[in-house]
Amino acid sequence: MLPDLLADVSRETQARLDAFSRLYDKWSPRINLTATSTHEDFWTRHVADSAQLIALAPDAGHWVDLGSGGGFPGMVIAIMSEPDAERRVELIESNRKKTAFLQAVKASCAPHAVIHADRIEKVIPSIARPDIVTARALAGLPKLLDMTAPWLAEGTRALFHKGRGYADEIEESRANRTFDLIVHESRIDAESVILELSNVLPRPDRDSN
């Protein structure tokens with residue numbers, strides 16, 4: 001049974017998501033795309049959890065997903081955006097087995113997705129500033145802000161999935177940076193949130209360090 005968040009997608013979108021599900025089922029046992037404990041909850045724990053980001057930035061044209069892994073959230077956003085030429089989704093993943101999986105998904109159901117098979121710090125300088133940058137289960141908030149600082153200082157918004165320890169990560173990040181923050185309650189997991197950050201800048205007293 002599909003989560004409510006996915007109940008109203010078009011038949012074409014559902015067909016693409018079904019193709020993604022089949023590829024996930026085929027590849028996941030071999031290359032550990034996600035934690036084993038979450039394999040049986042693909043539609044809610046992974047797909048719907050990723051899809052909820054679209055409603056937070058419905059008009060964003062250029063998305064970049066860091067550490068895409070099994071395709072969450074980046075590939076779900078790409079699949080649900082097809083064939084909308086106005087929305088471009090780029091995924092960065094350095095693990096070669098996982099990028100092979102992402103390429104298989106792209107070929108099957110997300111032809112407009114762009115996949116970068118390299119380390120995040122090497123790829124970011126070569127990508128034009130996106131409207132939205134995403135990351136899910138990749139790193140703590142201070143490190144995510146380190147990675148994306150040039151974009152976030154120039155107008156990019158971040159949408160980062162976070163679990164129950166998010167308040168500590170925010171406090172740690174505020175020691176070195178100022179930023180605007182909206183905490184969105186997850187529509188999928190009562191213990192999770194989506195952190196929306198913008199106008200991220202070094203604290204003036206830290207800028208000279």
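Throughout, read-outs are computed from the coordinates displayed, never taken from laboratory work. Just so we're clear, the structure is a prediction, and the values are computed from it rather than from any experiment. All Cβ positions, even for glycine, are placed from backbone atoms using ideal geometry, and neighbour counts span all protein chains on display.
Worth pointing out:
- Each residue, Asp8 and Ala139, gets one label point 7 Å from its Cα in the Cβ direction; the gap between the two is 3.7 nm.
- Estimated FRET transfer efficiency when R0 is 25 angstrom, pair Asp59-Asn95 (beta carbons, to 0.05): 0.20
- Summing charges over neighbours of Ser198, with a neighbour being any other residue whose Cβ is under 10 Å away from its Cβ, gives -1 when K and R count +1 and D and E count -1.
- When the listed pairs Lys122/Lys162; Lys122/Lys143; Lys106/Lys143 are checked against a 26 Å cut-off, the alpha-carbon distance exceeds it for Lys106/Lys143.
- Sites matching GluC sites (Glu not before Pro) across region 60-98 that sit in DSSP coil, with at most 12 neighbouring C-beta atoms within 10 Å: Glu86
- Percent antiparallel among DSSP beta bridges (both partners in the chain, rounded to 5): 45
- Most tightly packed first, judged by the mean number of other beta-carbon atoms within 10 Å of their residues, the peptides 20-30, 137-147 read 137-147, 20-30.
- Annotation: extensible slack from Lys26 through Ser126 equals 32.7 nm (criterion: 0.36 nm per residue apart, minus Cα-Cα distance).
- Table column - 3J(HN,Hα) (Hz), region 96-102, Karplus curve with 6.51, -1.76, 1.60, x for Gly and Pro: 5, 5, 6, 5, 5, 4, 4
- Relative contact order, percent, the chain [alpha-carbon distance under 8 Å, six or more residues apart]: 17
- Descending by average beta-carbon neighbour count within 10 Å, the peptides 190-196, 10-16 line up as 190-196, 10-16, the highest first.
- Under the simplified labelling scheme, the Asp41-Arg203 pair shows an inter-label distance of 3.6 nm, with each label point 7 Å from Cα along Cα→Cβ.
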